[in-house]
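Here, each number is a calculation from the coordinates, and none is a lab measurement. Note that this is a predicted model, so its numbers are computed, not measured. All Cβ positions, even for glycine, are placed from backbone atoms using ideal geometry, and neighbour counts span all protein chains on display.
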Amino acid sequence: MRYHNITHDDMLNGDGLRTVLWVSGCEHRCEGCHNPITWDETSGLIFDAEAEDELFGYLKKAYISGITFSGGDPLFPDNRSEVARIAKRVKEETPEKTIWLYTGYVWEQICNLPVIQYADVLVDGKYIKELADPKLFWRGSSNQRVINVPETLDKKQIVLYTK
């Protein structure tokens, strides 16, 4: 897997202060995307052991609420297994941290992927420029949903995340 950046103390990509892994690769290519440089799965840097150590170094700080996977698309087919592996490690080593996952796929397309069992919140759906609204929390366009993953899995119907 390749990535473009690891940010920390991020307040825009999920609830609380977060560490964000910006992965490479996206097949959605949404008009008006904020990160078109991440679309190419061969762009950015290789996510190696050094990058993983950096990620977990930020994540283990007491004031960090959790990790957000963004990009690109963490659920781009070539990213899925590595994102699932990292998410599993997050849950094992820092179970108090939350995992947010941004994807252009909708819940119904990806709800059975292994990574979903580790996610706390999933923001789904393509960004649609015509539905953009800067007043929305944690999403760019009104078609996107902020889904409470554990409750959705438990109730077998979509439950939206509310703070």
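Considering lysine pairs in the stretch 2-155 that are 8 or more places apart or on different chains, how many have Cα atoms under 21 Å apart? Let's see the in-between values first.
Working: LYS60/LYS88; LYS60/LYS91; LYS60/LYS97; LYS61/LYS88; LYS61/LYS91; LYS61/LYS97; LYS88/LYS97; LYS126/LYS135.
Qualifying lysine pairs in the stretch 2-155: 8.
For the stretch 1-138, what percent of Cα pairs sit more than 20 Å apart?
42
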- prompt: What residue among THR103, THR19, THR94 shows peak mean-square fluctuation when the chain is described by a Gaussian network model with Cα springs under 10 Å?
  reply: THR94
- prompt: Can you work out ³J(HN,Hα) from phi for every residue in the stretch 88-100, in order, using Karplus 6.51 cos²θ - 1.76 cosθ + 1.60 and θ = phi - 60°, giving whole Hz and x for Gly and Pro?
  reply: 4, 4, 4, 5, 6, 8, 9, x, 7, 8, 8, 10, 10
query: Remind me, relative contact order of the stretch 1-140 in percent, using alpha carbon pairs under 8 angstrom and six or more residues apart?
result: 24
statement: The summed charge of the GLU27 Cβ neighbourhood (under 13 Å; Lys/Arg +1, Asp/Glu -1) stands at -1
field: For the stretch 2-155, size of Cβ-based charge dipole, Lys and Arg +1, Asp and Glu -1, in debye
entry: 300
statement: For the stretch 149-157, in residue order, the Karplus 3J(HN,Hα) values (coefficients 6.51, -1.76, 1.60; θ = phi - 60°; whole Hz; Gly and Pro = x) are 5, x, 5, 4, 5, 5, 8, 6, 7
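Could you work out the relative contact order of the stretch 108-160, using alpha carbon pairs under 8 angstrom and six or more residues apart, expressed as a whole percent?
Values: 67 pairs, mean separation 16.6, N = 53.
Dividing the mean separation by the residue count of the stretch 108-160 yields 31 percent.
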